[in-house]
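Remarks on the structure that follows.
Taken together, the values in this text are just the output of simple stated rules run on the coordinates, not laboratory data. The structure presented is a predicted model; accordingly, all values stated were derived computationally and were not measured. Note that each Cβ is placed from the backbone with ideal geometry, even for glycine, and that neighbours are counted across all protein chains shown.
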Amino acid sequence: MKKLALILAIVMMLGMLTGCGGNDAKSDKLVVATSPDFPPFENLENGEVVGIEIDLLNIICEKMGKELVIEQMNFDSVLPGVQAGKFDLGASGISVTPEREKNVLFTDPYCLAAQAIVVMADSPITCKADLEGKSVSVQTGTTAESFCMDNGYTVNSFEANSDAQTALTTGKVDAWVIDDLTAADMVKVYNESNPGALVILDEAMTTEPYAFAFSMKSEALVAEINAILVELVKDGTVAEIFANNNAPYTQPQLG
Ligand code: ARG
């Protein structure tokens, strides 16, 4: 029995050493933390994580000769996990902010996004100013949450984007604040069964660049991946990936 326990302990330790995360440049795996509730960037399709960032990471992994390993979690666990070195990187439509830059390293941005305001079609809210003093639903840990908190809105936070959407459609909040491309995707799906129900306002709340996030200790890995990423932006591959995922692409300023 003792022998068995010892063998088990050794196997477990080996598993921990080789299994996940870390910043081992020699590892043949790239472990990415993601919250797959964010179409078209990452979404579950028949139990599989698919989307723009997955396509992009698969190309990056191919160039690095690594295998992509996807770890799924709620969005508010992605950055803390990356910061603690549990995963090689975070890819979750993560907006670069000065606050986050204190805790993680970012690649250059690969696209520009915005925070959209979604309301019910019969809402009196038609622009950002109308939203003053109103209640909003947001996803926990997002820039939508921090922006709305900092700007005096009554904020209802939800772990899952779908629950933030339901808060709006069931009349619990006046508006739902969420990244523009995901808003477009989720509103389209909702309106397919509820024609014209949800409306995305023309005026956005904020604009934000997306990038991949790494632990502060992963300087070499960030540099390696960033060089590949910038090339993929420059040569039009990123634009092509967006097109393949039926999403409009806004390229950020390079360099
Ligand atoms: N861009 C926003 C942020 O960085 C929201 C990202 C949400 N991502 C997700 N996979 N649910 O805070």
Q. Placing +1 at every Lys and Arg Cβ and -1 at every Asp and Glu Cβ, with all other atoms neutral, what dipole size does the chain have around its Cα centre, in debye to the nearest 20?
A. 1000
Q.
Please list 3J(HN,Hα) in residue order for the range 45-56, calculated via the Karplus relation 6.51 cos²θ - 1.76 cosθ + 1.60 where θ = phi - 60°; whole Hz, with x for glycine and proline.
A. 10, 6, x, 10, 7, 10, x, 3, 6, 6, 4, 5
(Q) Run the simple label-point estimate for THR170 and ASN194 please: 7 Å along Cα→C-beta, distance reported in nm. (A) 1.1
Q: With the convex hull built on the Cα atoms of the range 113-207, state its orientation-averaged projected area in nm².
A: 5.2
**Q.** LYS217-GLU159 FRET efficiency (beta carbon distance; Förster radius 22 Å; 0.05 resolution)
**A.** 0.20
Q.
Using the crude model of +1 on Lys and Arg Cβ and -1 on Asp and Glu Cβ, and no other charge, please compute the dipole size for the range 43-183 relative to its Cα centre, in debye to 20.
A. 240
Q: Go through ALA33, ALA204, LEU229 and say which Cα lies farthest out towards the positive end of the charge dipole of the chain; charges sit on Cβ, +1 for Lys and Arg, -1 for Asp and Glu.
A: ALA33
(Q) Limiting things to C-alpha atoms, what are the Rg and the maximum Cα-Cα separation (Dmax) for the chain, in angstroms? (A) 19.8, 71
